[in-house]
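The values are calculated or read from the model by the stated rules, or taken from the named source; none is laboratory data. Note that this is a predicted model, so its numbers are computed, not measured. Ideal geometry is used to build each Cβ from the backbone, glycine not excepted, and the neighbour counts take in all protein chains shown.
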Amino acid sequence: MNEKIIEVKELKKHFKTKSGMLHAVDGVNFFINRGETLGLVGESGCGKSTTGRVLLRLIQANSGEVLFHNENILEYSKPDMKKMRKNMQIVFQDPYSCLNPRLTVSEIIAEPLIINKVYKTKDELETRIDELIGRVGLSERLKTSYPHELDGGRRQRVGIARALALNPEFLVLDEPVSALDVCIQAQILNLLKDLQKELGLTYLFIAHNLSVVKHISDRIAVMYLGQIIELTDYKSIFKDPLHPYTQALLSAIPIPKLGVQKERLILRGDVPSPINPAEGCRFAGRCDYSKQNCFEETPKLIESEPGRWVACHYVRQLEQN
Ligand SMILES: Nc1ncnc2c1ncn2[C@@H]1O[C@H](COP(=O)(O)OP(=O)(O)OP(=O)(O)O)[C@@H](O)[C@H]1O
Ligand code: SF4
Ligand SMILES: [Mg+2]
């Protein structure tokens, strides 16, 4: 039976700016089952990283719930959250900016283990570091290397080893391959898949490109201006996208075999500002199917078919809704 590891309910994060409140994350709902990967995709600035950071309490939410094993961690005290954080780690897009340049590979991986006083002896610590280095496919001779001596793929492997050090159950992967060459991307994606299988990990995999999440996700959530507008298993989203925005995103993916771009739906207008957004569907100004009520009423994310969620006034709802 599926067991929900994490569930996010009506999560909001607004930033105060000179021009008004910026609605970075604006009522987001989803859950992820144990051992599953949920892909979170959307254009730059739509709120993907903020969702990941709020979820791990790296920044504080304005409201909503983040249930980890059915407990709302947004209500945890600082010491309780410190204990919980071992279970929830993050891997960033650019490992170079978050790996301490003055530490060796071995020291970088050891840091969380030392801070959390996981091992009593140096030998135990060394054994664990060697195990982690092996798991992420790094050569032992790189233990004494510094981040600037490694290429992007190896640096990302160090970032992953460090994130795994405390045996987490859940990882937020924030564009972990976006900065890498295509063939290195495939190697890191395969590594993440293998680690998931071996260690039973659960992932929130953030990307701005649908083709990246395709190969790793069980289900995919599409985000637009702080809200999830479609959430479906990965096959349906590619075969039969329901939301007009998802359809437009998909039409922009090139067909690799033919080396051509599919017929492209034109997205009219610019992405609207996330500052003080008006009522109504946030996609209305660019949507070919919009009608008057789209500009007046915000569509809710509803289950239109079993397991398929969509926020559009004109996608049919399940009878029972
Ligand atoms: N600390 C902050 N203060 C003010 N605004 C912020 C802050 N952090 C993020 N934002 C804004 O929140 C919105 C969402 O940003 P976020 O980084 O979550 O987007 P993203 O989907 O991860 O984009 P990208 O694909 O470029 O990484 C953006 O408009 C961004 O400018
Ligand atoms: S609610 Fe209206 S504007 Fe929004 S996606 Fe659906 S048809 Fe388009
Ligand atoms: Mg981001």
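Which ranges mark the helices (runs of 4 or more DSSP H) fully within the range 154-255 that have 2 or more residues being buried (at least 19 other Cβ atoms within 10 Å of the Cβ) and in contact (Cβ under 8 Å) with a residue 60 or more places away in the chain? Where helices (runs of 4 or more DSSP H) fall fully within the range 154-255 and carry at least 2 residues being buried (at least 19 other Cβ atoms within 10 Å of the Cβ) and in contact (Cβ under 8 Å) with a residue 60 or more places away in the chain, they are 210-214, 244-251. Restricting to the range 270-299, name every residue that is in contact with a His (Cβ under 6 Å, 6 or more places away or on another chain) and within 16 Å of ligand 3 (Cβ to nearest atom). Result: P274, single match.
Answer with yes or no whether S97 is surrounded by fewer than 19 Cβ atoms within 10 Å (Cβ to Cβ), over 24 Å from E131 (Cβ atoms) and modelled with pLDDT under 95. Give the derivation first.
On the way: surrounded by fewer than 19 Cβ atoms within 10 Å (Cβ to Cβ): yes; over 24 Å from E131 (Cβ atoms): yes; modelled with pLDDT under 95: yes.
In short, yes.
Restricting Y146, Y76 to those that are among the aromatic types (F, W, Y), more than 16 Å from ligand 1 (Cβ to nearest atom) and farther than 27 Å from D194 by Cα reduces the list to Y76. Checked against (1) more than 19 Å from L201 (Cβ to Cβ); (2) at pLDDT 95 or above, G39 meets all criteria but (1). Residues of the range 1-54 that are buried (at least 23 other Cβ atoms within 10 Å of the Cβ), under 22 Å from L250 (Cα atoms) and among the hydroxyl-bearing types (S, T, Y): T37 alone. Of the residues making up the range 290-316, those that are over 16 Å from M223 (Cα atoms), among the small types (G, A, S) and surrounded by 13 or more Cβ atoms within 10 Å (Cβ to Cβ) are S290, S304. Scoring K16 on the criteria (1) basic (K, R); (2) under 28 Å from K214 (Cα atoms); (3) within 16 Å of ligand 1 (Cβ to nearest atom); (4) in a strand (DSSP E or B) leaves a single failure, condition (2). With respect to (1) touching a residue at least 12 places away in the same chain (Cβ under 8 Å); (2) out of contact with any strand residue (DSSP E or B) (no Cβ under 9 Å at 6 or more places or on another chain), the lone exception for D80 is condition (1). The criterion of at least 2 residues that are within 16 Å of ligand 2 (Cβ to nearest atom), under 19 Å from the mean Cα position of the chain (by Cα) and closer than 24 Å to H148 by Cβ is met by none of the strands (runs of 3 or more DSSP E) wholly inside the range 29-119. Cβ separations smaller than 7 Å between residues 6+ apart or across chains give the following pairs from the range 120-131 residues that are hydrophobic (A, V, I, L, M, F, W, C) to residues that are part of a helix (DSSP H, G or I): L125/A110; L125/L113; I129/S106; I129/I109; I129/A110.
Any residue at all in the range 55-71 that's surrounded by fewer than 15 Cβ atoms within 10 Å (Cβ to Cβ) and closer than 17 Å to T202 by Cβ? Yes, that holds for at least one residue.
Looking at the range 163-183, which of its residues are over 18 Å from the mean Cα position of the chain (by Cα) and either within 16 Å of ligand 3 (Cβ to nearest atom) or at pLDDT 95 or above (or both)?
First pass over the range 163-183, keeping only residues over 18 Å from the mean Cα position of the chain (by Cα): 165-167, 181-183.
Listed by number, the residues that qualify are A165, L166, N167.
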